[in-house]
Every structure is written in structure tokens, then in C-alpha cells.
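**Student:** One structure, as C-alpha cells, below. Some questions next.
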Amino acid sequence: MTHSAYLFRRLGFAWLLLASIPGLLLLTQNQLFPLIDLHSHLARTLYWITMTGTAPYGVATVLFVLAIAYRLMPKALFMNLFLAIGLSQVISLSVSHTLKSYFKEPRPNLVFLTEQALPTNEQLSLDAFYQLDKQGRSETISNALDGLKVTEPEMRLDSRIHQHWENEIGYSFPSGHTIFAVTLVLTASYYLLLAGLPSLVIALWSWGLLMGLSRMLLGMHWPQDVLFSTFLAAFISCLSVFLVNKLRPLPQALVNKPKP
């Protein structure tokens, strides 16, 4: 078995771990929202994690990974990593936007708000909500949250999460944050493992796992959104690595290096 094939097996195991939580939730017909206090320190931590995949901060995340890789990896290997990450992110962004417009699935937080006994002038309808423009949707979410303070005073949101709910007013399926994170994790991890940097892979994997959890716990995505996005990210990552390595073949010393 080539070293490259061995690495794909290791990455496959890491991918299964990333998919295990949303997969288990889907099989058991459970979800993670509303589970935690959205005014807690935990919720604020999850918010900052989710922001690392939110524009424009997601760009900074990619640049941070590239900067570390550039410093630690052989330059020939870094060029392949750079091209593969760039290609995979362009594909993932395009696919995510296309699928959201096609499936038109409402977010969990929006469904939650429609089920609350809000004051009459602040009640929310799914059909009416998605007929509004972006500003109208944000104002509708804001009004519904104001009504929630009256009817469910124990359901408090941190101000930053409140604003995040107002900003994230698109459709739910699939999870763009999860596709972004898992694609970055798997693509970068392949080259980082080739370069003999497993500690960075563990750090990236942990971030990718927390990204999916944050999206579900903050009420932004259903388990099926995150699970499908994890599948899609794996396909995009493998395709990108394959195409880049075809265009810029890696040195045989790396591809055929015996496994440890």
C-alpha cells in the first residue's frame, strides 16, 4: 500500500468521527437545539467558533492555516496544498449556495420561533418570512426575539448570538459552515500528514468537530444538514486533492514513503 493510500485511510477514519455525532442524532431522531443556555459562556464560546467559518472571518481562518503550512512544509508540497484548498473552497461555496436555493429548508431557530406563542404583531410565519428581502427577514427575526423576551423570559440570547440570528436569515440545508470547515480540515490534513505534522491535523480535526456542533447547538442547522455537508465536504476534498496532484504530481519519495 502506498503512503498516499494509507493517509486516505487515516483521513477516512477522521471523517467518520466528524460524521458520527450528526449521524447518531439523525438515527435517534434527536437534535441539539434548544439544549444549552444561549446566554452562557459555553454559548459565547460556540459563537466565536462558528464565526471562524463566517465571512469575512473564514478567509482569515484559511490564511492562518496557509501561513502555518508555508512555514512548516516543503515549498513544493505547500503549493499543492495551496491549490487544493483554493479549488475545494471555490467548489464548496458554489455547491452550498446552489443547494440552499434548491432545497429551501428553514433553519431550526426559525421553526422554533414560529412555534412560540408570541404577541400577535410579532408572530412569525415561515411562508411569509421567506417572501421578504434580507432586511425584512432580519427585522422579522428581531421583532420575534423581542416578543420571545416577553413570552419566554428564561430563553435568553447573548447579544452576539442575537445578532447572528438576525444575520443568518437564509436557508438551512446544507450547512455552509460545515462544508467550509470539513473541506478545509480534510484537504489540509492530507498534505500536513504527508509533511509529518500530525499535531496540526489533530488541532484542525478538533476545530472541524466543534464547528458542526456549534451550528447545531446555536440553532442554525439540523443534524441532517451537518451530516450531508460532511459527506459533501469529503467528496469535494478528495476531488480537489486528486485534480491538483494530477496537475502537479507529488515527488515519489512522498507518495511511496512507507507508513510508520
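The values are calculated or read from the model by the stated rules, or taken from the named source; none is laboratory data. Here the structure is a predicted model, which is why all the values come from computation and not from measurement. Every residue, glycine among them, receives a Cβ derived from its backbone with ideal geometry; neighbour counts consider all protein chains shown. The accessibility values were calculated without ligands, DNA or RNA, using every heavy atom of the protein model including side chains. Shrake-Rupley method; radii C 1.70, N 1.55, O 1.52, S 1.80 Å.
**Student:** Quick check on this structure: which one of Tyr130, Tyr191 is open to solvent by 20 Å² or more (accessible area, probe 1.4 Å), at pLDDT 90 or above and not hydrophobic (A, V, I, L, M, F, W, C)?
**Tutor:** Details: Tyr191 fails: open to solvent by 20 Å² or more (accessible area, probe 1.4 Å).
Unique residue meeting the criteria: Tyr130.
**Student:** A further question on this structure: Are any residues in the range 140-161 over 17 Å from Pro106 (Cα atoms), open to solvent by 30 Å² or more (accessible area, probe 1.4 Å) and not in a loop (DSSP other than H, G, I, E, B), and if so, which ones?
**Tutor:** Asn143, Asp146, Lys149, Val150, Thr151, Ser159, Arg160
**Student:** Considering only residues that are within 12 Å of the chain's Cα centre (by Cα) and part of a helix (DSSP H, G or I), which ones fall in the range 206-222?
**Tutor:** Trp207, Gly208, Leu209, Leu210, Met211, Gly212, Leu213, Ser214, Arg215, Met216
**Student:** Is it the case that Trp222 is at pLDDT 95 or above and surrounded by fewer than 18 Cβ atoms within 10 Å (Cβ to Cβ)?
**Tutor:** Values: at pLDDT 95 or above: yes; surrounded by fewer than 18 Cβ atoms within 10 Å (Cβ to Cβ): no.
When the stated conditions are applied, Trp222 does not pass them.
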